[in-house]
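Below is one structure, written out as structure tokens, with a few remarks after it.
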Amino acid sequence: MMTQYLGLKDKADGCMLFYRMGDFFELFFEDAKQASQILDIALTSRGEHGGAPIPMCGVPVHAAESYLARLIKAGCRVAIAEQVETPEQAKKRGGYKALVMRDIVRFVTAGTLTEEALLEPRRANVLAAACLLRDKVGVAAVDISTGRMELEECAPDDMGAALARLGASETIAPDNWGEAPFDSIPRGAHEFSSEGGAERLCGIHGVATLDGFGTFTRPMLAAACGLLAYLDHVGRGKLPLLLPPVARHGEAHMAMDEATRGSLEILRSSTGGRSGSLIEAVDRCVTGAGARQLAEDLSAPLLNRAAIEERLELVQWLYDDALLREDLRAQLRSLPDAGRALGRVVAGRGSPRDLGQLRDGLAGAARLAGRLARVEGRPAMLDALLPALVGHDRVIDLFSRALVATPPTERSQGGFIAEGYDADLDELRSTSKDARDAISKLEAKYRDQTGIAALKIKYNGVLGYFIEVPARFGDQLMAPDSGFTHRQTMAGAMRFNALALHEEASRIAEAGGHALAAEEAHFEELTAAAIAARNEIARTAAALARIDVAAGQAERAAEGNWCRPSISEKCELAIVEGRHPVVENALGAQGERFVANDCTLSQFDRLWLLGGPNMGGKSTFLRQNALIVLLAQAGGFVPARAATIGLVDRMFSRVGASDNLARGRSTFMVEMVETAAILQQATPRSFVILDEVGRGTSTYDGLALAWAVAEAVHGVNRCRCLFATHYHELARLADTCEALTLHHVRAREWKGDLVLLHEVTTGPAESSFGLAVARLAGVPGPVVSRAKSVLAKLEKGRAETGGIAAGLGDLPLFANVVEEAPKGDPLREKLAALDIDALSPRDALGWLYELKRQIG
Ligand code: ADP
């Protein structure tokens, strides 16, 4: 057995192996140790291998799903090895002692789940593949729970942002690629071929060319090829639901890298959960599919004004008509998740209940379409969605006739095909029913006949139907001429059979077997019908999700007094009384009021330097404006009294000293890497928030960097930017940077206490209030007093010498500084390293020739 196990483990490709033995999946060796820890189950041992006992643990098959869920969550990938023949077949093949053959039937990995229990209803589950082809990165992504597939191409520098948007739970990449995404699973490089990708996709969708689906580049197709090969591998050749691929073009969306997404806490808060995130504060969708669509919208805000206005128009329409909105939401709420049911059906793991969900989902969509068609003044987007909601009459009719009202999740027991659908099945069922009636009549008859009132006819899985009497009546029935045959003696009872009972029981068994087979055949037909209509069903599910998102956005806006943003193409931002949706919620829960603040940026006033005490509300202000831009470009209303949003092509959010130790970089290093990305990538159409840049290093370094970064953002990137800092010295930048203005969050010391007003006003920050904040935070009195005397000394020193920023006023203008040599110029490096004095004239001439050659 161990030989078989080890052979399978070899094939498991580094995954944990679930080895089926009877009613258990067993794990051995390292797998067992790891799993027993994660699952908190007993680690035992069995036999010996190489002179040591083999560690082992096991999980019952019937409960395997929940254990799998926990392993997947903990980052494991699991290979499932099942018995692929019966013990009888094994005996026939190899004699009495033959081992039942086992094989890996599938892999369960984070990105390839379809089980309802393992998926979060409100989150997409994405598997991504990335590869490099001729200086371009191709990215393919699929959510196999719904079949959505998209392909994208980007520059290598933008791969991080592209993958961050997808938020894949599993990413694969060629094993020979040095720059493969962090944490990706290496796969054979030969699996990423563009021709292979095109061929596979054409084959899967039964088309001769992919042109009808969009324009796909070679890197996109190569990534798709790798993705499909991996799906083949994990499904052991059985592909999940795959809808026609959609080509996604980076330029259609606002770019945000991973750090920005993390710091804005869009889909997840910094603690990792949904709680405290933007989506939690915004999501009023009533369906899982709607919530998934909203997450996608927030992950990929649009850049096209017309497309944004289209979404906004639908939200507005539903915002204006509260009754209609309520009605729609009530209807949507009752609908099952047809998209995911379809995913399971196509993956071959569908249940009768999934078919029922398709029926109910499609019928509900048709009803909704009917309701909407009667309303006047529909927005264009809704008119475009309506046709997608209908057209399933045949499937709805078939499934309605074929299935019972609430089909079971278990298909092997039958009972899901409705009466009247199949006359033969009805006949078989009535035979069973007749026989069961007959059996209950027999019970009465046998009681009469024997005079034993306690006689019962019972059923169990081992004996089938039998007659049971209390032990003391046993003898009476044991008599040779009693007409009963003895089957079993129990502690207090005896069990018998009788000819008539046996006949009826056989009738039931036979009819039951045939009925099950008939139901099974119908199940296959219905599944085939669903698969044939898969693209249209998926389209309907997507349209429902889109309507749910709009209705949810309208609901949220009505609830929180949000406004419709107006979208412009100018480099401007004018937010009146903006609020931070998450902080406002949190404060509201404690009965506190959020102070709304304005933010107005334009080409001529594009950089706001924001000072003020810690805890004064600087970060909140920065983020709220970024979130308002994001919400607006995702096509929703925003938490403000009014807002004009000049379209933002890239958004950056940097917070000083954020931790990213997982990747082995110091905090300050991370901060600088991220800042470098902004300086390299931000365009005049970008929006940047910088929070306490330079905090992670010494005061001098920090101030110097913050100064230089602010100057560069202002003079080179020329983007809109909010820059929070506690370096008062930066205020001097206002003298030289014409589009930079000073602002601060207000605070007052009142009777020795600090009052934070959370109000943003113009002008430089008056004082840092650091000690007052420390006292507010509960730092002991003596320590604060001591700090006060240290401060007095420092301030005296500053007054005498001009402080750490003394002399900054004489810095040459920034424009001169940018001219500094571009770094990494080999020619310059060579020249710099050259020791001219040590050269002979002849060598010097040689050098000159060499340098000339290098330029040429
Ligand atoms: P800073 O970045 O200046 O240190 P934060 O933005 O982190 O300050 O805000 C600190 C706390 O102040 C927040 O957690 C919140 O409770 C409160 N706060 C911030 N902004 C506001 C506001 N506009 N209205 C009310 N309370 C606010």
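Since every read-out is calculated from the coordinates, none of them should be taken as a lab result. As the structure is a prediction and not an experimental result, all values here were calculated from the model. Ideal geometry is used to build each Cβ from the backbone, glycine not excepted, and the neighbour counts take in all protein chains shown.
Along the positive direction of the dipole of the stretch 670-786 (beta-carbon charges: Lys, Arg +1; Asp, Glu -1; about the Cα centre), which of GLN681, VAL716, VAL745 reaches farthest?
After comparing all options, I get VAL745.
So what's the stretch 357-422 giving for Cα Rg divided by 2.2 N^0.38 Å, two decimals?
1.44
Kirkwood hydrodynamic radius for the chain: how many Å is it when counted over pairs of different Cα atoms?
It is 32.5 Å.
In terms of modelled amide H atoms, which long-range or inter-chain residues lie less than 5 Å from the amide H of PHE24?
Close amide H contacts, sequence-distant or interchain: VAL61.
Need the list of lysines near LYS441 for cross-linking: C-alpha distance under 25 angstrom, and skip anything on the same chain fewer than eight residues off.
Here the lysines satisfying the reach criterion relative to LYS441 are LYS433, LYS456, LYS458.
Straight-line reach from LYS788: which lysines fall under 27 Å, measuring Cα to Cα and dropping same-chain residues less than 8 apart?
Cα-Cα hits under 27 Å: LYS618, LYS751, LYS796.
Can you give the extra length, in nm with one decimal, that the chain gains between LYS456 and THR699 once fully stretched, where that is 0.36 nm per residue apart less the Cα-Cα distance?
78.4 nm
To the nearest 20 Debye, how big is the dipole of the stretch 1-63 about its Cα centre, given +1 on the beta carbon of each Lys and Arg and -1 on that of each Asp and Glu?
80
Excluding PHE496 itself, calculate the net charge of residues whose Cβ lies under 10 Å from the Cβ of PHE496, where each Lys or Arg counts +1 and each Asp or Glu counts -1.
+1
Considering all projection directions equally, how large on average is the shadow of the alpha-carbon convex hull of the stretch 663-727, in square nanometres?
If you wrap the Cα atoms of the stretch 663-727 in a convex hull and average its projections, you get 4.3 nm².
Quick query: amide H of ARG187 versus all other amide H atoms, modeled in the peptide plane; which residues come in under 5 Å with a sequence gap of 5 or more or a different chain?
For ARG187, the qualifying residues are ALA173, ASP175.
Please identify the GluC sites (Glu not before Pro) of the stretch 176-209 that satisfy two criteria: DSSP loop assignment and at most 13 other Cβ atoms within 10 Å. Which are they?
GLU179
Within the stretch 45-82, whose backbone N sits under 14 Å from a point 7 Å along Cα→Cβ of GLU410?
Only 62-63 fall inside the zone, counting backbone N under 14 Å.
May I ask you to list the lysines whose Cα is less than 26 Å away from that of LYS136, ignoring any residue fewer than eight positions away on the same chain?
Candidates past the 8-residue exclusion: LYS823.
Mind putting a number on the dipole of the chain about its Cα centre? Charges go on the C-beta only, +1 for Lys and Arg and -1 for Asp and Glu, and I need it in Debye to the nearest 20.
In debye, rounded to 20, the chain gives about 1300.
Residues with amide H under 5 Å of LEU757's amide H, sequence separation 5 or more or different chain, H placed in the peptide plane at 1.01 Å from N; which?
For LEU757, the qualifying residues are ARG746, ALA747, ARG748.
For the stretch 689-793, what log10 I(q)/I(0) values come out of the Debye formula at q = 0.12, 0.20, 0.24 1/Å, with one point per alpha carbon and no solvent?
The computed values of log10 I(q)/I(0) come out as -0.50, -1.13, -1.35.
With a cut-off of at most 15 other beta carbons within 10 Å, and DSSP calling the residue loop, which trypsin sites (Lys or Arg not before Pro) in the stretch 26-114 qualify? Please list them.
LYS97
Could you give the angle, 0 to 90 degrees to the nearest 10, between helix 499-532's Cα long axis and the longest principal axis of the Cα atoms of the chain?
Helix 499-532 and the main axis of the chain meet at about 30 degrees.
Ranking ARG148, ARG593 by Cβ neighbours within 10 Å, fewest first, what do you get?
ARG593, ARG148
Beyond 16 Å, what share of the Cα-Cα pairs of the stretch 54-160 is found? Please give it as a whole percent.
Of the Cα pairs, 72 percent sit more than 16 Å apart.
Calculate the length of the line joining the C-alpha centroid of the stretch 676-754 to that of the stretch 311-364, in whole Å.
Here the answer is 47 Å between Cα centres.
Put +1 on the Cβ of each Lys and Arg and -1 on the Cβ of each Asp and Glu in the chain; which of HIS486, PRO174, LEU463 then has its Cα farthest toward the positive end of the dipole?
The residue sitting farthest along the positive end of the dipole is HIS486.
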